[in-house]
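J.: Sharing a structure, written as structure tokens. Questions coming.
The values are calculated or read from the model by the stated rules, or taken from the named source; none is laboratory data. Every value quoted in this text rests on a predicted model; they were computed, and no experiment measured them. In this analysis, Cβ positions are derived from the backbone assuming ideal geometry, glycine residues included, and neighbour counts consider all displayed protein chains.
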Amino acid sequence: MKQGRPESAAFLRGDRARVAEIRAAVQTVVRSFQFPDGELDRDLVQDALSRIIQNLSAGRFRGDASLETYAQKVAKYTCLEHLRRKRFEVRMDLESIPSRARWSQPEGSLLRTEEHLRNLRLFASLSGESRELLRLIFLEGLSYHEIGRRLGISEGAIKSRLHRIRLACREAAGAAGASGLRRGRERVRE
């Protein structure tokens, strides 16, 4: 018995009694889910009524059941869909997620900047010969043999100078204040 067609036509026409009946059926289902927010209940009722109107207008309601039963099923699926969406929503506190990016650690960034500036001051305090030797090795990437030919000294002398430069840099980096820089400069000049 297909009695759904006249009731759906009355609902779509806006018959107050019919709209109130369907709204009550939808509200009953939405309330049965016991959502904590009354505003959410109203939103879900409105969403279900909108879906019912769309389905009725598109001819998707076959009329096998009463319009109330159909409205209750639409309301049930609307609520279930809302719950599924909420289940897949992940609330993340971005501040609590550890990051290895430099921007996320301002203290570390400040310390690296200070260390870099200290290294630049240390490099500037080296003699011109020492800076040139470091430039040839690390920037130009020349071998000790090539540097020896260019500067007219042996590979052993280059290794010895580089060793003294490294020791002086380590000492100056480890020492506190200007006294460490002075000692480093004195060793490099030897």
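J.: Tell me, which residue of the stretch 93-127 that is modelled with pLDDT under 85 and among the small types (Gly, Ala, Ser) is farthest from residue 174 (Cα to Cα)?
T.: Looking at the filtered set, the residue picked out is 96.
J.: Please determine, by comparing only the residues of the stretch 14-31 that are farther than 17 Å from residue 66 by Cα and exposed (fewer than 12 other Cβ atoms within 10 Å of the Cβ), which one is nearest to the chain's Cα centre (by Cα).
T.: 14
J.: Identify, from the list 138, 61, 88, the residue that is closer than 29 Å to residue 6 by Cα and either touching a Ser or Thr at 6+ places or on another chain (Cβ under 9 Å) or without any contact (Cβ under 8 Å) to a residue 12 or more places away in the chain (or both).
T.: Details: 138 fails: closer than 29 Å to residue 6 by Cα; 88 fails: closer than 29 Å to residue 6 by Cα.
So the residue among 138, 61, 88 that is closer than 29 Å to residue 6 by Cα and either touching a Ser or Thr at 6+ places or on another chain (Cβ under 9 Å) or without any contact (Cβ under 8 Å) to a residue 12 or more places away in the chain (or both) is 61.
J.: I've got another one for you. Would you tally the residues in the stretch 36-55 being more than 15 Å from residue 23 (Cα to Cα) and either touching a residue at least 12 places away in the same chain (Cβ under 8 Å) or aliphatic (A, V, I, L, M) (or both)?
T.: Residues in the stretch 36-55 being more than 15 Å from residue 23 (Cα to Cα) and either touching a residue at least 12 places away in the same chain (Cβ under 8 Å) or aliphatic (A, V, I, L, M) (or both): 2 in total.
J.: Is it the case that the stretch 75-88 has a residue that's in a helix (DSSP H, G or I), more than 41 Å from the chain's Cα centre (by Cα) and either assigned by TED's automatic domain parsing to the domain that holds residue 175 or not polar (S, T, N, Q) (or both)?
T.: no
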